[in-house]
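The values are calculated or read from the model by the stated rules, or taken from the named source; none is laboratory data. Note that the structure is a prediction, hence the values are computed from the model and not measured. Neighbour counts run over all protein chains shown; Cβ positions are idealised from the backbone, glycine included.
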Amino acid sequence: MDVQQLSQSLAENLSALDARFGKSADYYAKKIVLYGCPGCIVLFDGMASLDSLWELLLDAAGRQSASVRLTGAQAYAHILHGSAFPAESTPVQDMPQLVARLTAGMAVLLLEGCSSGIVFSVQGLKFRSVEEPSGEGNLRGSREGFTDLLRVNLSLLRRLVRTDTLMQEAAQAHTCCNTEYALCYCKDRADPAMVRRVRAILQSARPELLLDSSYFVPWLLPGKARLFTPVHYTERPAVAAAKLCEGKLVILVNGSPSALVLPALFSEQFECLDDYASTAAFSSFLRVLKYFSFYLTVFLPGVFVCVAVHLPELLPPQLLYKIEAAEKATPLPLFAEMLLVILILEIIREAGLRMPQSLGHSVSLVSALIIGDAAIATGLMSTPVIFVASITAIAVFVTPGLYEPATLLRIGTVLLAGLAGPVGLAAAFFGFLLSIVSTEALGVSYLAPHPFPQQPLSEDGVLRRNYRQLSRHGFNIWQKRERGRKQS
C-alpha cells in the first residue's frame, strides 16, 4: 500500500484529515495566519494541552506584524530553524506519520504551500497518579508504582537508572490499535544477541490487541504448553531497575502498569526488595518459609488424601479415629470432598477479586464463613478436609507470582493421589520436577542458580549473606551461560 504523502495544498491535507477524523468528537482543527501564511493547527482534544499550545503558537501568531508575509516554505524554515518556537526537530511528511504524532498527544502545524508539518510536544494526557502498587507489598524502599502511561513509566525508570547505558526503545506494535510499547535494557549488561532476538520477535509479533505486556509471551516463548512461565511481572520501578542492572530485559506497554521482565528464574519468585533491607538471618528465614509454603500449597492436599485413603496406618490412632468419625457423617468420599472444597475456595477468591473493591473483601470473608459452617452443619463436608484446604489456600498467597502453576499443580496432585494413591503422588512429584526442569527462556534455565552462581546456597539463594559481602562482585543473568560456553 502506497504511503500518502502530505500535499502542498492546505485544503487537500485538511480534506484528507476530515475524511479520517471529521466525525470524531475529539478531532480539533484551528485555522490561523502565521507570518501572513495561512495554516492550521490539528490535534486531539484531551490529549494535547490547548493552554500550552496557545502559549507556544496561537498567542504569537496574533501578535505578528501585518507587514510580514512569508510563503509556506519560508514560514516552515523560519519556525523550524530561525524562531524561538520549541518545535520538534523531526517534521511529518506523510499521513501515517501525522496520525502517529496526533495519537501520541502532539499538535501539528500545517502550512499552505508546504508539504511538511511542524510538530509541537504539548501533550496533556490524563493518567493515574504514581501510587504504591496494591499487589506488591513492601515494608521498606520506594513507594512508587508504574502508571498506565508509557512515557511516565519510562521516566520513572530513567530517574532510578541514571546512566548512559540505559536504553529505552519505543515502537508501535502491529495491532489494530497501533499500541506503543518499549524494550528497556542496559547495553553494557544485557546480552546483545538476546536484545536483537527479542527486538526482532516484538517487531514481528502480530497480536490482535495489545493491552498488557503479557500478550507478547506466546511470541517470546513459543512451543508446547508449560506450567511455569520463565517471565516475571512487576509494577514497581525499583524492582524493574534492579532487574535491568542484572542484565535482564524489561518490556512496557502503553496502557498497562505491569512490566514484563525476561528472563526470570524460579528462585526469584521467593525474593522481594525487603530481603536486602533486612538482616541476612531474617531474610534467609523468610525465604525458607516461602519455599515451605509453596510446596505445602502444592502437595499437602494430595498427601492428606493419599495417606488418609490409601495409607491410614501411617496416621496416629487419635487423628485417624477423628478423621474416620468425620468422614462417616459425609456422603462424599474424602477424595471428592477435597476437590470440591478446593474448587469452592477458588470460586470465592475469583468472586472477591472481580467484585467492586469496597465489597470484595466482605463477600470473600462472609462467603467462606457461611459456606464452611453450613457445609459442616449439613454434613456435606468434614472439618479435617476444610482445615487442610484452607491452609493451602492461604499458603499460596505467600508466593503470588506462582499462584497459577501452584493452583493447577494442587488440583492435579489431588486427582492423581486420590486415583492412584502413592504411585499417583509420586507421579505428580516427578511431573512437577519435569515441568520445572524443562523450562527455559532465551537460553537461561528456569532453575539456573540465582545471583552469584559460585555458591548459590550460601550467598544469595535459599539463604543469603550480608549485603556488603554480596556487593563485592556483581551478578549478570548471562554469566552462568557464558561460563558454560567458555568451558565447552
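Examine region 297-317 for a residue that is buried (at least 20 other Cβ atoms within 10 Å of the Cβ) and within 30 Å of GLY141 (Cα to Cα), and state whether such a residue exists. The answer is yes, given that some residue of region 297-317 is buried (at least 20 other Cβ atoms within 10 Å of the Cβ) and within 30 Å of GLY141 (Cα to Cα).
I'd like the full set of residues that are part of a helix (DSSP H, G or I) and either surrounded by 16 or more Cβ atoms within 10 Å (Cβ to Cβ) or aliphatic (A, V, I, L, M) (or both), limited to region 318-335. The answer is LEU319, LEU320, ILE323, ALA325, ALA326, GLU327, LEU334, PHE335.
Note on region 215-236: among residues that are surrounded by fewer than 17 Cβ atoms within 10 Å (Cβ to Cβ) and under 16 Å from the mean Cα position of the chain (by Cα), the one that is farthest from GLN269 (Cα to Cα) is TRP219. Restricting the search to helices (runs of 4 or more DSSP H) fully inside region 1-68 and requiring at least 1 residues that are at pLDDT 75 or above, in the same structural domain as ILE79 (by TED's automatic domain parsing) and within 20 Å of VAL122 (Cβ to Cβ) gives 10-21.
Of the candidates ARG143, ARG162, ARG197, ARG206, the single residue that is farther than 22 Å from TYR276 by Cβ and part of a loop (DSSP other than H, G, I, E, B) is ARG206.
For (1) charged (D, E, K, R); (2) in contact with an Asp or Glu (Cβ under 7 Å, 6 or more places away or on another chain); (3) over 23 Å from THR179 (Cα atoms), each residue gets a yes or a no:
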| site | (1), (2), (3) |
| --- | --- |
| HIS78 | no, no, yes |
| GLY82 | no, no, yes |
| THR90 | no, no, no |
| ARG128 | yes, yes, no |
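Considering region 157-208 alone, what residues qualify as being free of Cβ contacts under 8 Å to residues at least 12 places away in the same chain and among the β-branched types (Val, Ile, Thr)? Of everything in region 157-208, nothing turns out to be free of Cβ contacts under 8 Å to residues at least 12 places away in the same chain and among the β-branched types (Val, Ile, Thr).
Quick grid of which residues meet (1) of a type in the set (S, T, N, Q); (2) under 19 Å from VAL253 (Cβ atoms):
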site	(1), (2)
ALA100	no, yes
LEU109	no, no
GLY124	no, no
LEU139	no, no
THR147	yes, yes
SER155	yes, yes
MET167	no, yes
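Among residues of region 301-317 that are of a type outside the set (D, E, K, R) and assigned to a helix (DSSP H, G or I), those with a Cβ under 7 angstrom from a residue that is modelled with pLDDT of 90 or more and surrounded by fewer than 19 Cβ atoms within 10 Å (Cβ to Cβ), sequence gap 6+ or separate chain, pair up as CYS306/PRO422; HIS310/PRO422.
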